[in-house]
Amino acid sequence: MRKVIIAGNWKLNKTSAEAITLVEELKREVVDVSGVDIVVCPPFTAINDVNECLIGSNIDLGAQNVFWQDSGAFTGEVSAPMLKHLGVKYVIIGHSERRQFFGETNETVSKRIRAALTHGLTPIVCVGENLAERESNKTFDVIKNHCEGSLVNLTAEEMSKIVIAYEPVWAIGTGKTATPEQAQEVHAYIRQLLARIFNTEVSQSVRIQYGGSVTPENIAILIAKPDIDGALVGGASLKAPSFAAIVKAAQK
Ligand code: PEP
């Protein structure tokens with residue numbers, strides 16, 4: 001049985017003070033929730049303060065990116081050991097915004113995954129097609145390319161430590177959610193790919209989140225699908241009541 005995982009990607013939002021306010025409220029809202037992994041991914045600047053707020057709570061800490069080198073002359077980068085030291089458990093890797101605006105490729109995604117695993121961080125690896133790719137029936141090709149290109153150097157044991165987030169780019173921040181059927185179709189395809197690249201056991205144990213305009217209103221029908229194991233939430237994670245409502249509705 002795969003445990004549901006709901007992660008909030010705060011993107012470029014929240015000062016440390018705002019982050020503390022959000023997390024204090026969220027802690028109160030989800031205090032009675034069990035059976036769901038709850039993760040918040042603040043910007044780097046708020047990670048330390050958020051970590052202190054989360055001590056003793058049922059919420060885990062994530063980061064939004066990680067560099068592949070541990071240290072050195074890489075101005076502006078943040079490494080896996082640095083994140084680990086701050087109490088970070090998960091790290092989002094290969095988000096479509098990083099592919100779109102910051103030159104992320106399968107190769108750099110793969111290097112970041114390696115660094116995260118080496119230092120005991122759990123990667124949340126994002127894959128997904130854009131609108132033009134969906135409309136030209138290339139969705140499966142893109143998913144195959146993202147999965148094979150970024151997961152290819154891993155052992156089955158390493159793969160079993162990773163979370164995948166299927167995020168159709170056309171659904172991110174647009175209010176246009178994939179239908180549960182569209183999402184389920186791709187999640188099932190990802191599982192088939194994992195079985196082919198690794199093995200059946202791994203494909204059945206890896207958690208696959210859906211991301212793209214998830215709200216308290218649509219989470220229940222998404223999570224009801226057999227291959228959807230949670231959500232990566234952007235906009236709706238910026239307010240404690242909506243993120244908490246998603247977490248509660250996702251309790252299976
Ligand atoms: C995201 O940024 O990963 C995301 C899914 O955003 P939103 O929920 O706002 O569509």
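Every number here is computed from the coordinates shown, using simple stated rules; none is lab data. What you see is a predicted model; the values in this text were computed from it and never measured. Every residue, glycine among them, receives a Cβ derived from its backbone with ideal geometry; neighbour counts consider all protein chains shown.
Over the chain, what is the relative contact order in percent, taking alpha-carbon pairs closer than 8 angstrom and at least six residues apart? Mind dumping the intermediate values first?
Numbers: 502 pairs, mean separation 56.8, N = 252.
Relative contact order here is 23 percent.
Averaging sequence separations of C-alpha pairs under 8 Å and six or more residues apart, then dividing by the length of the stretch 79-174, give the relative contact order as a whole percent. Each step should come with its number before you reach the end.
Working: 117 pairs, mean separation 31.4, N = 96.
For the stretch 79-174, the relative contact order is 33 percent.
What value, in deg cm²/dmol to 500, does the helix sum -39500 (n - 2.57) over DSSP H runs of n ≥ 4 give at 222 nm once divided by the residues of the chain? Present the calculation step by step, with values, prior to reporting the outcome.
Values: 12 runs with 112 residues, N = 252.
Taken over the chain, the calculation gives -12500 deg cm²/dmol.
Order these peptides, 185-192, 41-48, 67-74, by their mean beta-carbon neighbour count within 10 angstrom, highest first.
Values: 185-192: 18.4, 41-48: 20.1, 67-74: 12.2.
In decreasing order of mean packing, 185-192, 41-48, 67-74 become 41-48, 185-192, 67-74.
Over the alpha-carbon set of the chain, divide Rg by the Kirkwood Rh and report the Rg/Rh ratio to two decimals.
0.94
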